[in-house]
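Everything below concerns the one structure shown next.
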Amino acid sequence: MLGTLLAAGLLAGAMTGRSPASPSTVQPETGFTVTTYAMTGGTPSSLAFGPDTRDGNDGARLYVTDNAGGTLLAIDDMGGVGGQPQVFADGFNGPLGVLAAPDGSVYVADAEAAREGPYGFRSYGRVWRVIDKDGDGVADKKYVVLKDLPNGRHNTNGMAFGPDDGMLYITNGNSTDDGVEGGESEVLPWSGSVVRVSPRAKKVSVADLPRRKTLVARGWRNVYDLAFSPIDDSKLFVPMNGIDDARQGSTAENPVDPDLADSDDTLHMTDVDDRRVDHFGFPSCMFNVTEQGDLSPFENPNPDVLDKFGPCRKNKVVRPVSSFGLHTSSDGLAFQTSDAWGDDYKNDLFVAQWGSLFGSPAGHNVVRVQLDASGQKVESQNVLVDLPTPLDLTFDEAGSLYVADFSGPIYKIDKAV
Ligand SMILES: [Ca+2]
Ligand SMILES: [Ca+2]
Ligand SMILES: [Ca+2]
């Protein structure tokens, strides 16, 4: 089976660094085509369509963050294939999120190196707004919208505009692996949360914002992206990367069952309009469908976690709506809202799985998630295509899917007609 061979190849690749796959080596679901839309020459971490800011041009451009290069690139469509990426803005530090507004402002999430701040000496995430004021297609103004988001092992990531007057929703990954170890200390409630802020805010510190208005949901590990349901825009979907290893607290007297040391990557849904701030259970609660048989929570086996955070409140914790399994690194998220792929695919959710850090073939896929008519219940999910290290994805207006692969390319996925 080609999928297995591909997985074996990727396994070897994991040890040596991955090279981009050519479209002839990727195998999509029947009826789909994958083409290389553009080569970024960097490590694309996030992508979003937005207005072409050049005077007289009213089309769209694809904006892409290059994580290693610290740049925001703009790619023009040259009749179905991308042109040479241009630098729209630079001077970022490991950017992981991008979002473009209808007015041509582009928002970029990145991380500052460790510094003194409201939560002590540590690394902080921030969101920039960049603007091309003179209409030459290159940003000439750049300022920080929101700062002081506590970062660490995971940082400030993908963004989306909400149904509430276009408030800016931001994912902020947890600074640790399991709440107590594997990263800088947590700052609650912001570590592992979604927050919202006005896109017109300027140089605001999250520490100075009212929690009641700002905090959308919490109790997560790494949350990389978010997307609002096209059926009910009060429902926000967020994928989470589960715990890598909760065995740090294991002792000879109280050994941790290795089968219970890892937590699945999960898909969550929260209501942004019900005045409740859901807590999704990290780090006291874990999820592992293989071990539990379903999405019922079990308690983190690391005694240090329970000492600090208390037991998993199994009856109260808000359960995930789906699981992506262990170590798939399920990250970027987008809904197919157009008719381009037919009724069957309309309003389906697509997830980029960067893949396992542990040498297993888990992930390295774009996964299709089918929801029921309410758009709230997952009915099924399957692999749409295997890719090396897909991290984020987005649709264009015509309904083609674009995938930022961390190995360099932007892939374009279409349904053959
Ligand atoms: Ca300019
Ligand atoms: Ca809520
Ligand atoms: Ca995204």
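The values are calculated or read from the model by the stated rules, or taken from the named source; none is laboratory data. Note that the coordinates shown come from a computational prediction; the quantities given were computed from them, not determined experimentally. Counting neighbours? That spans all protein chains shown, and the Cβs are built from the backbone with ideal geometry, glycine included. The accessibility values were calculated without ligands, DNA or RNA, using every heavy atom of the protein model including side chains. Shrake-Rupley method; radii C 1.70, N 1.55, O 1.52, S 1.80 Å.
Rounded to the nearest 20 debye, the dipole magnitude of the range 213-299 is 480 debye, with +1 charges on Lys and Arg beta carbons, -1 on Asp and Glu beta carbons, and the Cα centre as origin. The amide H of Gly69, built 1.01 Å from its N in the peptide plane, has Thr43 as neighbours under 5 Å, considering only residues 5 or more places off or on other chains.
Here the range 296-417 is treated with +1 on each Lys and Arg Cβ and -1 on each Asp and Glu Cβ, and its dipole about the Cα centre works out to around 520 debye. Legend: Rg and Dmax of the chain, from Cα coordinates, 20.3, 72 Å.
Here r is the Cβ-Cβ distance between Glu253 and Ser360 and R0 is 25 Å; the resulting FRET efficiency, rounded to 0.05, is 0.25.
Three principal axis extents describe the C-alpha atoms of the range 19-129; from largest down they are 52, 38, 22 Å. Distance from the alpha carbon centroid of the range 336-364 to that of the range 135-163 works out to 25 angstrom. Among Pro258, Pro189, Pro239, determine the one that fluctuates most according to a GNM of the chain built with springs between C-alpha atoms less than 10 Å apart. Highest fluctuation among the options: Pro258. Given H placed on each backbone N at 1.01 Å, which residues far from Ala217 in sequence or on other chains put an amide H within less than 5 Å of it? Distant-sequence amide H within range of Ala217: Val194.
Projecting the Cα positions of Phe309, Gly137, Phe324 onto the charge dipole of the chain (unit charges on Cβ atoms of Lys, Arg, Asp and Glu, taken about the Cα centre) puts Phe309 furthest along the positive direction. Computed over Cα pairs, the Kirkwood radius of the range 167-317 leads via Stokes-Einstein (0.692 mPa s, 37 °C) to a diffusion coefficient of 203 µm² per second. Here the extension length gained between Thr30 and Glu116 equals 25.7 nm, from 0.36 nm per residue of separation less the Cα-Cα distance. Note on Val138 and Asp307: their simple-model spin labels are 5.6 nm apart, each label 7 Å out from Cα toward Cβ.
I need the Debye-formula profile for the range 269-417: one equal scatterer per C-alpha, no solvent, reported as log10 I(q)/I(0) at q = 0.15, 0.16, 0.17 1/Å, two decimals. The calculated log intensity ratios at q = 0.15, 0.16, 0.17 Å⁻¹ are -0.90, -0.99, -1.08.
The modelled label-to-label distance between Glu299 and Ala68, using points 7 Å beyond Cα along the C-beta direction, is 4.5 nm.
Across the range 370-417, the convex hull enclosing all Cα atoms gives 119 Å³ per residue.
The string of couplings for the range 178-195 from the Karplus curve (6.51, -1.76, 1.60, θ = phi - 60°) is 10, x, 10, 10, x, x, 5, 5, 5, 10, 8, x, 7, 5, x, 9, 10, 10 Hz, one whole number per residue in order, with x for Gly and Pro. For the cross-link pairs Lys346/Lys377; Lys213/Lys235; Lys235/Lys346; Lys142/Lys412, the ones whose C-alpha atoms lie over 26 Å apart are Lys142/Lys412.
Counting only residues at least eight positions apart within a chain, or on another chain, the lysines with an alpha carbon under 23 Å from that of Lys308 are Lys316. Look at where the Cα atoms of the range 166-193 and of the range 293-327 average out, and the two centres are 17 Å apart. With each label modelled as a point 7 angstrom along the Cα→C-beta vector, the Asp339-Arg212 pair spans 4.6 nm. Largest mean-square fluctuation among Gly310, Gly50, Gly31, in a Gaussian network model of the chain whose springs join Cα atoms under 10 Å apart, belongs to Gly31.
Solvent exposure of the range 347-417, expressed per residue, is 32 Å² of accessible area, with all protein chains present and a 1.4 angstrom probe.
Multiplying the residue separation of Ser234 and Asp273 by 0.36 nm and subtracting their alpha-carbon distance yields 13.5 nm.
Sequentially through the range 57-71, phi angles give Karplus couplings (6.51, -1.76, 1.60; θ = phi - 60°) of 9, 10, x, 10, 10, 9, 9, 9, 7, 9, 4, 6, x, x, 10 Hz, Gly and Pro residues having no value and appearing as x.
With a Förster radius of 22 Å applied to the C-beta separation of Ala416 and Gln84, the computed FRET efficiency comes to 0.20. For Gln381, the residues 5 or more places off, or on other chains, whose built amide H falls under 5 Å of its own are Gln370. Considering only Tyr224, Pro95, Trp128, the residue lying farthest towards the positive end of the dipole of the chain is Trp128, judged by Cα position with unit charges set on Cβ.
Dipole size of the chain about its Cα centre, with +1 on Lys/Arg Cβ and -1 on Asp/Glu Cβ: approximately 1020 debye, rounded to the nearest 20.
Under Stokes-Einstein, with the Kirkwood radius over Cα pairs as Rh, the value for the range 99-222 at 20 °C and 1.002 mPa s is 146 µm²/s. Each residue of the range 317-324 was assigned a 3J(HN,Hα) from its phi angle through the Karplus expression (A = 6.51, B = -1.76, C = 1.60, θ = phi - 60°), giving 5, 7, 6, x, 8, 6, 10, 10 Hz with x at Gly and Pro. Loop-only trypsin sites (Lys or Arg not before Pro) in the range 336-379, please: DSSP not H, G, I, E or B, and at most 12 other Cβ atoms within 10 Å. The qualifying sites are Lys377.
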